[in-house]
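Colleague: One structure, pasted below without further comment.
The values are calculated or read from the model by the stated rules, or taken from the named source; none is laboratory data. As the structure is a prediction and not an experimental result, all values here were calculated from the model. Using ideal geometry, Cβ is built from the backbone for each residue, glycine included, and neighbour counts are taken over all protein chains shown.
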Amino acid sequence: MKYLVWMSLLFSFSPVYIGDVYAQGKMGYVDFQYLITQIQSVQDVQTELEKLSRDWTDRLSAMEDSVALIEKDYEALSITLTKSGKNVLEKNIADAKQKILVYREQKFSPVTGELYKKQQELLQPILDKVKRAIDNVRLKEKYDVVFDISTGNPVSIDKRFDLTLLVLEELPAVGLTTVQIEGRGTDSNLKAPGTNPANRTPSGRSSKGTTNETSKPVKENDSDPAIKDN
């Protein structure tokens, strides 16, 4: 499987990062999903989980093939088998099928399955570091609340308050290596990590008062921003 259940489970971990839950101050946002795709260790985790999934899936296939052989033998011998012989084969088939169900549940069940637990074990330390990076940027840029835009569907939002690239630049400082930048959407103005934020004010504008175009776009109308600086 190229994209496992783990990808959807991954985003169940993505929270909203805030300074004060009841803050009525300055609000910003990040694209958490985009950030995750730019972290090398997340891609390494995906590779490891995909290998585990393939191995366990292959094992399931072998178990199912074994059951199919027993069932084939049963059909071929059913005419000549005694009642006790039939009972033995029927029990073997039932037991083998039960083992398949148990194995599948053990490996792939959401929340309790080994794949989910392994994913949580490998990803949680990474997600904690991403949160730290977001917190660092929030404090540096003097924001009170930072939302995860990838978990919602905003109708209109001001790109000046997009902190995603600033957080991306902060990731190495918390021990996370980023991969080669791939921009969101079709915006050609996206900058790679290392873009100097010195000319930005906390609002996301440049020191000349123009909108900082290094922020990644949200394809909505900017004329009526839903998020404003209080």
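Colleague: Return a yes/no flag: does the range 143-156 have any residue that is of a type in the set (G, A, S), over 15 Å from Y34 (Cβ atoms) and surrounded by fewer than 21 Cβ atoms within 10 Å (Cβ to Cβ).
Modeller: So the first thing to find is which residues in the range 143-156 are of a type in the set (G, A, S), and the list is 150, 152, 156.
Checking which are over 15 Å from Y34 (Cβ atoms) leaves us with 156.
Checking which are surrounded by fewer than 21 Cβ atoms within 10 Å (Cβ to Cβ) leaves us with 156.
Yes: the range 143-156 contains one or more residues that are of a type in the set (G, A, S), over 15 Å from Y34 (Cβ atoms) and surrounded by fewer than 21 Cβ atoms within 10 Å (Cβ to Cβ).
Colleague: Return the pair list, or none, for Cβ contacts closer than 6 Å from residues in the range 50-64 that are at pLDDT 95 or above to residues that are in a helix (DSSP H, G or I), at least 6 apart or on different chains.
Modeller: Every condition considered, the pairs that remain are W56/K107; M63/I100.
Colleague: Turning to a different aspect of this structure: Output the number of the condition that D44 fails; it satisfies all remaining conditions of (1) crowded, with 17+ Cβ neighbours inside 10 Å; (2) under 14 Å from the mean Cα position of the chain (by Cα); (3) of a type in the set (D, E, K, R).
Modeller: Among (1) crowded, with 17+ Cβ neighbours inside 10 Å; (2) under 14 Å from the mean Cα position of the chain (by Cα); (3) of a type in the set (D, E, K, R), D44 violates only (1).
Colleague: Something else now. Go through (1) part of a loop (DSSP other than H, G, I, E, B); (2) surrounded by 14 or more Cβ atoms within 10 Å (Cβ to Cβ) one by one and return the number of the condition K107 breaks.
Modeller: Only one criterion is unmet by K107, namely (1).
Colleague: OK, next. Looking at D73, D95, D128, can you tell me which residue is under 32 Å from the mean Cα position of the chain (by Cα) and either under 30 Å from L165 (Cβ atoms) or exposed (fewer than 15 other Cβ atoms within 10 Å of the Cβ) (or both)? Step through it out loud before you land on a result.
Modeller: Details: D73 fails: under 32 Å from the mean Cα position of the chain (by Cα); D95 fails: under 32 Å from the mean Cα position of the chain (by Cα).
Exactly one of D73, D95, D128 is under 32 Å from the mean Cα position of the chain (by Cα) and either under 30 Å from L165 (Cβ atoms) or exposed (fewer than 15 other Cβ atoms within 10 Å of the Cβ) (or both), namely D128.
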